[in-house]
Every structure is written in structure tokens, then in C-alpha cells.
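First the structure, in the form of C-alpha cells, and then the observations on it.
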Amino acid sequence: MMKILFWVPIVVLLSFTSGLGEERSRAKLRVGLDPSYPPFSDIDDAGRLVGFDIDIALALCARLEAECGFVRQDWEGLIPALRAGEFDAIVSSMSITEKRRRLIAFTDRYYSNVVRFVARKGSGFDPAAPAGRAIGATRATISSDWLLANMSEVADIRLFTELGAPLRALAEGRLDAVFGDGLGFWNWLRSPEGAGFAYVGDGYRLDEGIGIAVRKEDEMLRLRLNRALGAILADGTYREINAKYFPFSIY
């Protein structure tokens, strides 16, 4: 996928730490994300990045007195690109897991989520009896990992590269159900496309929350992001952003 760089002018020079005991000055904090996951990240009709993740990143950059630059990256490429130095942090609704901690470091959580099944109303889909059913998820997510570990021997598991692709396949009748982030599904179920669908069964908590990812060697940046996150939680900024997208707390 082509990468597009979006610079947002919050311009004050900030010195970040790129390694333990080693400092280098940067005028910008480069934020990687996959903008295909409304209401967390999307591109509006004017070509502007919009969504909860974007607003959180901007609020954190303001607290850090940094210029916030956004780099568009497909979901599967986010962690490799972060490790390769193509950006400094991932703010893209990434679940905190031990598997990912082997490669990268995380801040404290900035919201919480559960994964859920969604199916067409009246379809009879039952997560407890998935034999022969086609179930979709986004590749390289906690949802796809869980499906492969728990249902691959009985169900037809179909994985998609793009975040929004499983829901489109479900709406087109190519899947019996999808399994993924409950909050992302909540937004889709309220749309005209999702009107004929509903959650099925209970939610599964498979992570430690949603965090901002940084390289392991950027410990000073991780600590500064944690302090900035604490500040926007304390002063009401986080609550205002939350209310813009959800009528309930997602923290």
C-alpha cells in the first residue's frame, strides 16, 4: 500500500530519546497508522485524517509540544515499519499483547476493547457451533490469532489484509460471521450497511488494552507519552475526545 505523509502543524521543537542515554533533537513526532478503521481512523471526503486515534495523537503531541506527522501504512506493515525507523510511534488501535512485546514496547493503555462475533440477524450463527461456517477476521490481529487457534479445525477461517474488508465480505454474503474489535463493530452496526446485522454471543478480552507502540530502545519517548497520556486523562481532554465518538467511556 502506498504510504502518504500527513503533517499537522503543531510546531515546537522537542528533543526525544532514541536510545538509552542517547538524545537527538526532532522537530516532529512521526505517527504510523492504518486509516481504514472508523471511527478510530479514517480519511474524510476532503482527504483529511479523522478519528479517535488521530485526535488522541494530536492531543499527545500538543502536550509534548511536538509537531505531529502521520504516516499511512497498511496494518500488517505497521510493526515492521516502526522497527525500521519509518516512524516513531504507532497510534492505530493496536492491542497490547505479550507476542507483540517481543518486538516492540507499549505505553499504558489509552482505551479498552473486547473482540466479538457479528452475524446477519436471523442467520442462526452460533459461536458455540461454528462447524462449516465461514468466519472472517483481519490478518495479524488478536482476533485472527484466536480463530486460528480455536476454530480452524471446524470452521472455514478467512483472513483479510485490510481492516474493513471482513465487514464488507459479511455484508456481501461471502461470510457467515466476522470476529473482531467490538468497538469498531459498534460503529458499523449503527450504519446503513450494518443495519441487518448484530453481535452474537459475549465479548472476549484477549489483550491488556490498546496502547501506543514504540521501538524498545525508545524508552524515554515511551515514558514521555505515558506522562502526556496521564495529563490528557486528568485535564478532561481525553473525556472530550471520547464523547465526540462514543456515548460511553471506552477507557
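The values are calculated or read from the model by the stated rules, or taken from the named source; none is laboratory data. Bear in mind the structure is a predicted one, so any value in this text is a computation, not a measurement. Please note: Cβ atoms are built from the backbone with ideal geometry, for glycine as well, and neighbour counts cover all protein chains shown. Keep in mind that these areas ignore ligands, DNA and RNA; they rest on the heavy atoms of the full protein, side chains included. Shrake-Rupley method; radii C 1.70, N 1.55, O 1.52, S 1.80 Å.
Quarter the surface of the alpha carbon convex hull of region 48-126 and you get the mean projected area, 7.8 square nanometres. Just so you know, the averaged projected area of the alpha carbon convex hull for region 108-219 sits at 7.7 nm². Applying the Karplus relation 6.51 cos²θ - 1.76 cosθ + 1.60 with θ = phi - 60° to region 94-99 yields 3J(HN,Hα) values of 8, 5, 7, 9, 4, 4 Hz, where x marks Gly and Pro. Seen from every direction in turn and averaged, the convex hull around the alpha carbons of region 160-251 projects onto 8.1 nm². By accessible area, using a 1.4 Å probe on protein heavy atoms only, the chain has 51% of its surface on carbon and sulfur. Remark: the chain carries 45 Å² of accessible area per residue (probe radius 1.4 Å; ligands, DNA and RNA excluded). Extents of the chain, taken as max minus min of Cα coordinates on every principal axis and listed largest first, are 57, 34, 34 Å. Of the trypsin sites (Lys or Arg not before Pro) found in region 51-119, those that fall in a DSSP loop while having at most 16 other beta-carbon atoms within 10 Å are Arg102.
What FRET efficiency comes out for the pair Lys216/Ser123, r = Cβ-Cβ distance, R0 = 51 Å, nearest 0.05? My answer for the efficiency is 0.70. For Thr161, the residues 5 or more places off, or on other chains, whose built amide H falls under 5 Å of its own are Arg139. Calculate one ³J(HN,Hα) per residue across region 224-241 by plugging θ = phi - 60° into the Karplus curve 6.51 cos²θ - 1.76 cosθ + 1.60, and present them in order as whole Hz with x for glycine and proline. Going residue by residue, I get 5, 5, 4, 5, 5, 5, x, 5, 6, 6, 6, 8, x, 4, 4, 4, 5, 5 Hz, with x marking Gly and Pro.
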